[in-house]
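These notes concern the structure reproduced below.
The values are calculated or read from the model by the stated rules, or taken from the named source; none is laboratory data. What you are looking at is a predicted structure, and each value in this text was computed from that prediction instead of being measured. Don't worry about glycine lacking a Cβ; one is built from the backbone with ideal geometry, like all the others, and counts go over all protein chains shown.
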Amino acid sequence: MTGERGTERERRISLNEAVFRRMNEQLKALAEQFELDREPLLLVCECGYSECDRRLRIPPADYERVRGEARAFFVVPGHELEDVERVVERNRDFNVVMKKPGISSEIAQATAP
Amino acid sequence: MMPGATLVKPETEDLASALEGTKCPDKKRPRTGGAVDPQAQRVAENDAAFRRANESIELAAAESDVSLVPFICECAETTCTEILRLTFAEYEAVRANSRLFINAAGHHVSARGWAVPVEEHERYVVVEKVGDAGVMAEQLDQRQEAG
């Protein structure tokens with residue numbers, strides 16, 4: 001997809017993903033506050049589908065490592081959107097995707113925690 | 001009350017059973033001074049933490065086209081990570097009252113009598129904090145402080 005429609009789609013996907021990333025940041029902060037952060041964190045898929053309600057279990061160390069890169073997101077395997085992101089890490093329970101250069105990468109960085 | 005909501009009768013068998021062995025909030029008057037019940041304090045503080053998290057999520061969602069915003073259940077159970085989907089209007093209708101919180105169905109029992117369900121919706125339940133927990137919920141409401 002190219003042109004204005006493609007850019008608008010990328011923008012919407014990226015803003016949706018930013019919501020789920022914010023939610024995960026809050027879930028992690030709550031886990032820390034309640035001293036539950038030694039166990040894998042029960043988080044939400046950070047894919048671009050606004051109706052996605054899949055959950056992910058992510059070890060805290062992996063979460064911190066990936067969160068350190070503003071363009072990286074956790075998704076359920078199969079929830080990648082290949083036109084805007086590429087898979088950079090595959091795990092049994094989750095994949096890590098990296099935003100490709102462009103509007104989605106810019107939004108990912110602008111909305112980074 | 002939001003359209004489509006069902007008013008919950010305060011005295012249900014479920015609630016009575018949930019409250020078994022706990023203090024009855026209906027018999028407890030909000031205190032204006034003196035010590036706050038420690039259990040009520042813990043319940044109110046936990047709820048306030050979930051509500052602060054949801055405020056942050058709501059801010060992020062305002063920029064997106066997500067119409068049913070994912071919020072975290074605001075029950076008193078610290079291990080609860082259940083996700084509830086509400087529209088902005090639905091969440092704001094609850095958030096406007098410092099004593100009201102969104103819960104997944106049945107999760108009010110974790111408040112051990114310090115919360116009673118007041119509205120049942122298809123995707124969530126509205127609970128009201130009562131007694132000392134209600135007073136503390138008002139005190140911990142950052143919006144009220146700011147307003």
Response to the item:
Taking region B:11-58 and keeping only residues that are touching a helix residue (DSSP H, G or I) at 6+ places or on another chain (Cβ under 8 Å), modelled with pLDDT of 50 or more and outside any helix (DSSP H, G or I), one is left with B:V36, B:D37
Worksheet entry | Out of A:I107, A:I13, sole residue that is in contact with a Lys or Arg (Cβ under 7 Å, 6 or more places away or on another chain), touching a residue at least 60 places away in the same chain (Cβ under 8 Å) and of a type outside the set (K, R) | A:I107
Discussion item. Just checking: which of the strands (runs of 3 or more DSSP E) contained wholly in region A:25-96 hold 3 or more residues that are under 13 Å from the mean Cα position of the chain (by Cα) and closer than 17 Å to A:E10 by Cα?
Written reply: A:72-75, A:85-90
Fill in: Residues of region A:91-106 that turn out to be touching a strand residue (DSSP E or B) at 6+ places or on another chain (Cβ under 8 Å) and either among the basic types (K, R) or within 14 Å of chain B (Cβ to nearest Cβ) (or both), as a count
3
Discussion item. Please determine whether any residue of region B:124-137 is on the phi < 0 side of the Ramachandran plot, outside any helix (DSSP H, G or I), surrounded by 15 or more Cβ atoms within 10 Å (Cβ to Cβ) and hydroxyl-bearing (S, T, Y).
Written reply: yes
Worksheet entry | Positions within region B:54-71 being at the interface with another protein chain (Cβ under 7 Å from one of its Cβ atoms) and either under 14 Å from B:N103 (Cα atoms) or touching an Asp or Glu at 6+ places or on another chain (Cβ under 6 Å) (or both), in sequence order | B:P70
Discussion item. Being at pLDDT 95 or above, within 30 Å of B:A44 (Cβ to Cβ) and more than 10 Å from chain B (Cβ to nearest Cβ) narrows it down to one residue among A:R57, A:R21, A:R38; which is it?
Written reply: A:R57
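Do you know which of the residues in region B:72-88 that are in contact (Cβ under 8 Å) with a residue 12 or more places away in the chain and β-branched (V, I, T) is nearest to the other protein chains (Cβ to nearest Cβ)?
B:T78
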